[in-house]
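K.L.:
I have a structure here, written as structure tokens, and I will follow up with some questions on it.
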Amino acid sequence: MKQFLLIVVVVCLVQFSLAGNAAGHKHQYRAKQAECCVTPNGVLHDSEGGRTVKTSTSGIYRNNIYKKRLDSISKDVQLDYNEYVQAEIDNYLTQRSDISREIGLTRYYFPIYEKAFREAGIPDEIKYLSIVESQLNPNAVSRVGATGPWQFMSSTARMYGLTMDEYTDERRDPVQSSYAAAAYLKDAYEQFGDWLLAIASYNCGKDNVIRAIEEAGSSDFWAIRPYLPAETRGYVPCYIAMTYVMNYYHLHRIEPQSCNILLKTDTVQVDKMISLNSVSHVLSIDLNQLTILNPSYPRMLVNGSPSSPKTLVIPAGAKAKYIGSYDLLNSELAASDLQSIYNTPRIQPVEKRTPLHHRMRKFENLVHYKKIHSANDANLIALAGIKTRSGKG
């Protein structure tokens with residue numbers, strides 16, 4: 001009888017031990033699941049960044065094809081793959097019309113960026129950062145005042161040689177701002193020795209990156225990520241995700257839209273004050289297109305002088321006509337037109353939104369144009385590829 005009771009006690013103890021181990025394993029699984037930040041319903045929660053992102057799969061690391069594709073296009077900039085990058089890829093792929101439009105706009109803007117980056121000696125693939133910044137919109141202005149395709153604050157812009165005055169804002173000039181962005185990024189790379197850190201500093205400033213490196217005791221972006229501002233934690237994953245999408249959009253059945261900006265252009269130097277309206281009238285150039293080609297003149301006035309000539313972008317083939325019409329541009333017609341322009345409100349955005357880790361795109365509502373003379377606002381917005389959006393948080 002005693003042996004029987006002993007056997008029963010041993011069996012009970014074994015069963016209790018097995019149940020305890022199972023519960024422990026279940027608890028460990030849940031803890032591991034939380035650590036990986038992916039829940040069974042496909043939600044990625046970034047406890048460090050304080051946000052939740054819907055993903056397309058519950059096991060994102062099974063998508064090794066994404067990693068292989070990123071590895072195949074990785075050059076000078078390290079294109080790491082992880083759950084944060086995957087979440088941003090998924091997010092961008094839901095914004096098909098925006099991506100389609102931006103791919104079309106790259107035909108105009110990317111050759112400008114590539115030339116500036118090549119001359120500065122920085123990686124060509126950093127050109128994709130401008131899409132994260134502004135959606136290739138030279139008139140984009142954030143709530144805090146960052147302006148142009150490369151989103152320069154005024155203080156940083158002046159440090160890198162960009163002019164801002166009553167008539168000119170070179171932050172909006174895709175050529176000048178690209179050279180300034182290249183110079184900043186090159187300086188940051190020389191300081192940090194890592195392109196991902198240089199890109200992070202473009203968003204939050206070099207001081208914040210230095211502070212994060214000191215706190216983390218590491219110079220690896222993913223190691224210092226928890227110590228960076230919340231927006232910057234998502235900024236580098238957004239850049240890597242956008243690089244992926246711009247290279248593999250065709251595999252996701254995204255069709256590029258046509259580019260609404262003239263691709264063949266020329267430049268002339270203007271050494272007097274003239275209005276874009278005068279140039280449009282004298283040269284028979286569409287005013288909307290002329291405005292799109294010259295976003296750095298928000299008042300539609302080119303304030304050139306003999307001592308400080310300004311660059312005017314015009315359609316290819318119009319240069320000879322411009323030179324031949326020099327006297328006409330100084331005529332009473334131009335003077336009268338100039339006087340009327342002085343009283344015209346400048347082109348400016350009316351609503352500026354604070355970006356949310358760049359995940360909801362930096363500008364939910366872009367640019368409204370005030371009526372300028374006879375220019376058709378709807379046509380101007382359409383030609384620029386600008387779409388106003390509202391109703392998002």
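Throughout, read-outs are computed from the coordinates displayed, never taken from laboratory work. Not measured: the values here are computed from a predicted model. All Cβ positions, glycine included, derive from the backbone under ideal geometry; neighbour counts span all protein chains shown.
K.L.:
In whole angstrom, how far apart do the alpha carbon centroids of segment 184-257 and segment 68-84 sit?
P.N.:
12 Å
K.L.:
Looking at Tyr248, Tyr322, Val236, which one has the Cα that reaches farthest to the positive end of the dipole of segment 233-323 (charges on Cβ: Lys, Arg +1; Asp, Glu -1)?
P.N.:
Most positive-ward Cα: Val236.
K.L.:
Which of the residue pairs Lys127/Lys206; Lys127/Lys272; Lys264/Lys321; Lys272/Lys319 have a Cα-Cα distance greater than 22 Å in the structure shown?
P.N.:
Where the Cα-Cα span goes over 22 Å, the pairs concerned are Lys127/Lys272.
K.L.:
So for the pair Gln95, Asp187, with labels modelled 7 Å out along Cα→Cβ, what separation do we get in nm?
P.N.:
2.8 nm
K.L.:
Sorting Trp195, Trp150 on the 10 Å Cβ count, fewest up front, what's the list?
P.N.:
Listing Trp195, Trp150 from fewest to most nearby Cβ atoms yields Trp195, Trp150.
K.L.:
Which peptide among 141-147, 241-247, 74-80 comes first, and what is the full order, when sorted by highest mean count of other Cβ atoms within 10 Å?
P.N.:
Put in order of decreasing packing, that is 241-247, 141-147, 74-80.
K.L.:
Same structure again: Which value results for Rg/Rh of segment 159-271 when Rg is the Cα radius of gyration and Rh the Kirkwood radius based on the inverse mean 1/r?
P.N.:
1.08
K.L.:
Read phi for every residue in segment 150-160 and hand back ³J(HN,Hα) as whole Hz from Karplus 6.51 cos²θ - 1.76 cosθ + 1.60, θ = phi - 60°, with x for Gly and Pro.
P.N.:
Going residue by residue, I get 10, 6, 7, 6, 4, 5, 5, 4, 5, 4, 9 Hz, with x marking Gly and Pro.
K.L.:
So, one more: For Ser284 and Cys259, compute 0.36 nm times the residue count separating them, minus their Cα-Cα distance, and round to one decimal in nm.
P.N.:
That works out to 6.8 nm of additional length.
K.L.:
Here is a further query. Sort all Cα-Cα distances of segment 102-213 into consecutive 10 angstrom bins from zero, then give the percent of pairs in each bin up to the one containing the longest distance.
P.N.:
Calculated P(r), rounded to whole percents: 15, 49, 32, 4, 0.
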